[in-house]
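Written below as structure tokens is the structure these notes are about.
The values are calculated or read from the model by the stated rules, or taken from the named source; none is laboratory data. Here the structure is a predicted model, which means the values were calculated and not measured. Using ideal geometry, Cβ is built from the backbone for each residue, glycine included, and neighbour counts are taken over all protein chains shown. These accessible areas exclude ligands, DNA and RNA; they are computed on the full protein's heavy atoms, side chains included. Shrake-Rupley method; radii C 1.70, N 1.55, O 1.52, S 1.80 Å.
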Amino acid sequence: MTEPLVQVVEWSRTPALRDIRQRVFVDEQQVPAELEWDAHDTDATHFLLTVEGRPLGTARLLADGHIGRVALLAEARGQGLGELLMRAVMAHARSMGLPRLELSAQTHALGFYQRLGFSVCSEEYLDAGIPHRDMCLHWPTP
């Protein structure tokens, strides 16, 4: 088996990004399609996780340090691939000089993001009918 690979890819040239998000958010989690697709997709930096060339996960990073649309197909979960994907996004953000990262986490995933160094920075709220909390990460100063 080849090592998992995370690459920065172009939104307009990578239909796997839309396919993964459709399957995870719209089909599996029942997020209305009109809430899933937004104007940020054309401007964001997109990441695609593949294993043996098969697209299994995606995430996006906005220029202001917001990470979003982190999704892994069901068969890819529980194998450390989500952490690999997030660490690649975080490393890219750090290389861009972003001092702070933020994301909106579904409450069931809070522990996952906390293990990556994020802290809860909001009260619980509903997004697309799913409980969320905002999470923040500030890079440690050297």
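Some points to look at:
- Unique match (being acidic (Asp, Glu) and open to solvent by less than 70 Å² (accessible area, probe 1.4 Å)) among GLU52, GLU36: GLU36
- Output for region 1-19, where each listed residue is open to solvent by less than 90 Å² (accessible area, probe 1.4 Å) and acidic (Asp, Glu): ASP19
- Cβ-Cβ distances below 6 Å connect the following pairs, each with a first residue in region 63-78 that is under 13 Å from THR45 (Cβ atoms), a second residue that is not hydrophobic (A, V, I, L, M, F, W, C) and not in a strand (DSSP E or B), and a separation of six or more residues or different chains: ARG69/ARG21.
- When every residue of region 65-75 is checked against the conditions, at least one turns out to be in a helix (DSSP H, G or I) and open to solvent by 20 Å² or more (accessible area, probe 1.4 Å).
- Breaking point among (1) closer than 18 Å to GLY82 by Cβ; (2) in contact with a His (Cβ under 8 Å, 6 or more places away or on another chain), for GLN7: (2)
- Within region 39-49, the set of residues being open to solvent by less than 70 Å² (accessible area, probe 1.4 Å) and of a type outside the set (Ser, Thr, Tyr) comprises ASP41, ALA44, HIS46, PHE47, LEU48, LEU49.
- Yes/no for GLY57 being touching a helix residue (DSSP H, G or I) at 6+ places or on another chain (Cβ under 8 Å), open to solvent by less than 40 Å² (accessible area, probe 1.4 Å) and within 16 Å of PRO4 (Cα to Cα): yes
- Subset of region 76-86 [open to solvent by less than 20 Å² (accessible area, probe 1.4 Å) and closer than 19 Å to MET135 by Cα]: GLY82, LEU85, MET86
- Note on region 23-70: residues that are of a type in the set (Asp, Glu), modelled with pLDDT under 95 and under 21 Å from GLY129 (Cα atoms) amount to 3.
- Within region 87-142, the set of residues being in a strand (DSSP E or B) and open to solvent by 60 Å² or more (accessible area, probe 1.4 Å) comprises ARG100, SER119, TYR125, LEU126, ASP127, ARG133, HIS138.
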